[in-house]
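Enquirer: Questions regarding the structure given below will be posed in turn.
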Amino acid sequence: MRYPFITIDLDKITANTRAIAELCRSSGVTLTGVTKATCADIGVAKAMVAGGASILGDSRVQNLKKLKDADIAVPLMLLRIPMLSEVEDTVTHADFSLVSELSTAAALSRAAKHAGTRHKIIQMVDMGDLREGLSPQKILPQITELLRLPGIELVGLGTNFACYGGLVPTPAALEALLGIADQVRKAFVLELPIVSGGNSANINLLSAGLQPRGVSNLRIGEGILLGRETVNRGPIAGTRQDAFTLHTEIVEIQEKPSVPAGQTGQDAFGRSPRFVDRGIRQRAIVAIGRQDVEIDGLAPLAPGVEILGGSSDHLILDVSDCEAPLAVGDEVRFGLQYSALVPAMISPYVAKTYRSLP
Ligand SMILES: *Cc1c(COP(=O)(O)O)cnc(C)c1O
């Protein structure tokens, strides 16, 4: 295998999904497994379905097409509110989409009619995170208009927490959303089966049994992939945090001073790094860089390996405290946080390999 590469442990992803699907089920919630951090990797998608995700969601319509082409047999949800320029692809490849603007819903309606299909939509409500969705007082007038549109079916309301504003989901915020859903049901005599109440930031509420009944769906990505809730990034009971491992190769190992020689200016990324003089240190360079990963989101797995920094293609490590002697050609492994996982999964220079589940 050519370095660098990521091993994806599909059994751990299945097991993580199972633990979270079980948690969801105990609160009457269906699970949308979110594949976007892996570019809708087909192995990951199948592992999520095997673990009990009854819907798969992704923010890119191209990724939904990829899932559909792979015959993944669950409904597909487009998570990013669609661009007007992608409504045709949306009604073709997504079974559901999350929408905010009426003009988008109208365009989806025209596209669905033209394609001879019905497209399900979930109206997003902004409960305060200040990303997508209409403010609560605009929902009833919006629904009046949505119900006039042929070719689309309003199946629910949705909201998103902790994405832009870092707003933590609370029972009160979710009760407020449920209140809006009830108003809509009464005013328009609608079933409105889906209240999609959030993402991995809701897991603490779920675990504590504090998520109000009536929230019927959650869209979970990071919680499944990395086994962490996203309010404090704490591990989720019954899940593993190490489904993804990054493998890199040492291309230089030398003793060097810990402070650059002479006057210093900006680095390759316009930053002015600071250095602490720790004397002469054993340093290793591994062949991966900021072009492939977010360096701050990497955690060396071997004790004694410390990340010093990096440039586009080089990651510089202090390995002085490493017990085993290291040499050029040796492997150095890292765990990944979400911020490192996403670019590494996208990077064509980082190969992907799988453990288990065909
Ligand atoms: C990415 C995304 C999610 C999943 O978020 P996680 O924090 O990975 O669970 C859910 N909903 C929407 C709308 C998203 O864009």
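Bear in mind these aren't lab numbers, they're just calculated from the coordinates by the rules spelled out. Computed from a predicted structure; not experimentally measured. Here the Cβ positions follow ideal geometry from the backbone for every residue, glycine too, while neighbour counts run over all protein chains shown.
Enquirer: Net charge near residue 109, counting Lys/Arg +1 and Asp/Glu -1 over other residues with Cβ under 13 Å of its Cβ?
Expert: Working: positive: 110, 113, 118, 120, 148; negative: 88, 101, 145, 153.
Result for the local shell: +1.
Enquirer: Okay, moving on. Taking H as built 1.01 Å from N, whose amide H comes closer than 5 Å to the amide H of residue 198, not counting residues under 5 places away?
Expert: Placed amide hydrogens put 159, 219 under 5 Å from residue 198.
Enquirer: Okay, next question. With unit charges on the beta carbon (Lys/Arg positive, Asp/Glu negative), name the residue among 231, 247, 217 whose Cα is farthest towards the positive pole of the charge dipole of region 215-259.
Expert: In region 215-259, that residue is 217.
Enquirer: Expressed as a whole percent, how much of the Cα-Cα distance distribution for region 142-200 exceeds 16 Å?
Expert: Values: 831 of 1711 pairs.
Cα-Cα pairs of region 142-200 separated by over 16 Å account for 49 percent.
Enquirer: Follow-up. Please report the antiparallel percentage of DSSP beta bridges with both residues in region 151-290, rounded to the nearest 5.
Expert: Working: 8 of 13 bridges.
The answer is about 60 percent antiparallel.
Enquirer: Another one. Give the average over all directions of the projected area of the C-alpha convex hull of region 1-134, one decimal, in nm². Intermediate values should be presented prior to the final figure.
Expert: Details: hull surface 40.1 nm².
The Cα convex hull of region 1-134, projected and averaged over all directions, gives 10.0 nm².
Enquirer: To continue, here is another question. Within 10 Å, at most 10 other Cβ atoms, and a DSSP state outside H, G, I, E, B define an exposed site. Report the longest part of the chain free of exposed trypsin sites (Lys or Arg not before Pro).
Expert: Numbers: sites that count: 2, 148, 271, 274.
Answer - 3-147.
Enquirer: I've got another one for you. Take every DSSP beta bridge whose two residues both sit in the chain, then give the antiparallel share in percent to the nearest 5. Can you show the working numbers first?
Expert: Working: 28 of 61 bridges.
Of those bridges, close to 45 percent are antiparallel.
Enquirer: Give me Rg/Rg_expected for region 76-157, where Rg uses Cα atoms only and Rg_expected = 2.2 N^0.38 Å with N residues.
Expert: Details: Rg = 11.7 Å, N = 82, 2.2 N^0.38 = 11.7 Å.
Its radius of gyration relative to the 2.2 N^0.38 Å reference: 1.00.
Enquirer: Would you mind calculating the relative contact order of the chain from Cα pairs under 8 angstrom and at least 6 residues apart, reporting the percent as a whole number? Walk me through the numbers before you get to the answer.
Expert: Details: 796 pairs, mean separation 67.5, N = 358.
Taking the mean separation of contacting Cα pairs over the length of the chain, I get 19 percent.
Enquirer: Oh, and also: How many Lys pairs in the chain lie less than 15 angstrom apart by Cα atoms, where the lysines are 8 or more positions apart or on different chains? Show your work: numbers first, answer last.
Expert: Values: 12/46; 36/46; 36/65; 36/66; 36/68; 46/65; 46/66; 46/68.
Close lysine pairs found across the chain: 8.
Enquirer: If you don't mind, another one. Skipping prolines and chain starts, which residues have an amide H placed within reach, meaning under 5 Å, of the one on residue 152, given they are 5 or more residues away or on another chain?
Expert: Correct list: 119.
Enquirer: Once phi is turned into ³J(HN,Hα) by the Karplus curve 6.51 cos²θ - 1.76 cosθ + 1.60 with θ = phi - 60°, what whole-Hz value does each residue of region 31-40 show in order, with x for glycine and proline?
Expert: 10, 8, x, 9, 9, 4, 5, 10, 6, 6
Enquirer: Could you compute the net charge surrounding residue 237? Neighbours are other residues with a C-beta less than 14 Å from the C-beta of residue 237; K and R count +1, D and E count -1. Before the final figure, lay out the partial values.
Expert: Details: positive: 18, 228, 240; negative: 22, 229.
Value of the local net charge: +1.
Enquirer: Still on this model: Return the ratio Rg/(2.2 N^0.38 Å) for region 275-319, where Rg is computed over Cα atoms only. Don't skip to the end; give the middle numbers.
Expert: Details: Rg = 10.6 Å, N = 45, 2.2 N^0.38 = 9.3 Å.
Compactness ratio reported: 1.14.
Enquirer: Using a cut-off of 13 Å between beta-carbons, work out the net charge of the residues near residue 72 (Lys and Arg +1, Asp and Glu -1, residue 72 not included).
Expert: Values: positive: 46, 65, 66, 68; negative: 41, 58, 69, 71, 95.
That works out to -1.
Enquirer: Can you tell me what the convex hull of the Cα atoms of region 97-202 projects to on average, as an area in nm²?
Expert: Numbers: hull surface 25.5 nm².
Averaging across all directions leaves 6.4 nm² for the Cα convex hull.
Enquirer: Separate question: What is the Cα coordinate range of region 167-319 on the first, second and third principal axes, sorted by size from largest, in whole angstrom?
Expert: 73, 34, 23
Enquirer: Moving on. With a length cut of 18 Å (Cα positions projected on each helix's long axis) and a Kyte-Doolittle mean of at least -0.5, go through the chain and give me the DSSP H helices that pass. It would help to have the intermediate numbers written out before the result.
Expert: Numbers: long enough: 10-26 (24 Å, -0.06); 102-115 (19 Å, 0.32); 171-188 (25 Å, 0.61).
Counting only whole DSSP H runs, the qualifying helices are 10-26, 102-115, 171-188.
Enquirer: Sort all Cα-Cα distances of region 23-98 into consecutive 5 angstrom bins from zero, then give the percent of pairs in each bin up to the one containing the longest distance.
Expert: P(r) for region 23-98, in whole percents per bin: 3, 18, 30, 23, 15, 8, 3, 1.
Enquirer: Viscosity 0.890 mPa s, temperature 25 °C: what is the translational diffusion coefficient of the chain from Stokes-Einstein with a Kirkwood Rh over Cα pairs, rounded to a whole number of µm²/s?
Expert: On the way: Rh = 22.1 Å.
Rounded to a whole number, D works out at 111 µm²/s.
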